[in-house]
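For reference, the structure is listed below as C-alpha cells.
The values are calculated or read from the model by the stated rules, or taken from the named source; none is laboratory data. No experiment lies behind these values; they were computed from the predicted model shown. With ideal geometry, Cβ positions are generated from the backbone for all residues, glycine too; neighbour counts draw on all protein chains shown. Surface accessibility is based on the protein's heavy atoms, side chains included, excluding ligands, DNA and RNA. Shrake-Rupley method; radii C 1.70, N 1.55, O 1.52, S 1.80 Å.
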Amino acid sequence: MQVIKLEDLTKAATPRGVTGRKVYESEHVNIMNLLLKAGEVVDTHVTPVDVFFYVVRGKGKIVVGDEAAVVEATDIVISPKDIPHSVHASEGEYLEILVVKTPSPAKGGK
C-alpha cells in the first residue's frame, strides 16, 4: 500500500501556469493537485484523455465545452476527452483540486 500526503509533495509551476503537485503517474492514470490562488485561471485547453476534477477545498468554476458549473469542496466534474475545458478560482477564493486523467497522456494515453 502507498499513502501519499499531498502536503508533503513538492510544489512547482505547471505547464498551464499555476502551482501544482505531481501526485501519481502510471500508464493508466495521471493525478495532479492544482493550487489556484484567488482569481487564477487554467486557460481553456483540450486533453486527449478523459479527465475528472475533484474539488478538495475552496470555490471556483469549471467549464467543460459549453457548460459551466460553480464548484466547491467535494464536488466532482467529468470532462470527456477532446472537449475544451478550463478552471477558474473565484475572486477572493483559493481553489485546490485533484485532476485525474485516464489513461495517462504521458504514458500511453496519446
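Which residues, counting only those in the range 41-85, are aliphatic (A, V, I, L, M), open to solvent by 50 Å² or more (accessible area, probe 1.4 Å) and closer than 13 Å to Val99 by Cβ? Don't jump to the end; show me each part of the working.
Residues of the range 41-85 aliphatic (A, V, I, L, M): 41-42, 46, 49, 51, 55-56, 62-64, 68-71, 73, 76-78, 83.
Among the residues that remain, those that are also open to solvent by 50 Å² or more (accessible area, probe 1.4 Å) are: 41, 46, 68, 70, 76, 78, 83.
Within the range 41-85, Ile76, Ile78 meet the criteria.
Restricting attention to the range 15-24, the residues that are open to solvent by less than 50 Å² (accessible area, probe 1.4 Å) and either modelled with pLDDT under 95 or aliphatic (A, V, I, L, M) (or both) total 2.
Go through the range 72-104 residue by residue and tally those that are free of Cβ contacts under 8 Å to residues at least 24 places away in the same chain and not hydroxyl-bearing (Ser, Thr, Tyr). Walk me through it before giving the result.
Residues of the range 72-104 that are free of Cβ contacts under 8 Å to residues at least 24 places away in the same chain, as a first pass: 72-75.
Adding the requirement that they be not hydroxyl-bearing (Ser, Thr, Tyr) leaves 72-73, 75.
Here the count works out to 3.
Just to be sure, is Val3 in contact with a strand residue (DSSP E or B) (Cβ under 6 Å, 6 or more places away or on another chain), of a type in the set (Val, Ile, Thr) and either modelled with pLDDT of 95 or more or assigned to a strand (DSSP E or B) (or both)? Give the steps one after another, and end with the answer.
On the way: in contact with a strand residue (DSSP E or B) (Cβ under 6 Å, 6 or more places away or on another chain): no; of a type in the set (Val, Ile, Thr): yes; either modelled with pLDDT of 95 or more or assigned to a strand (DSSP E or B) (or both): yes.
In short, no.
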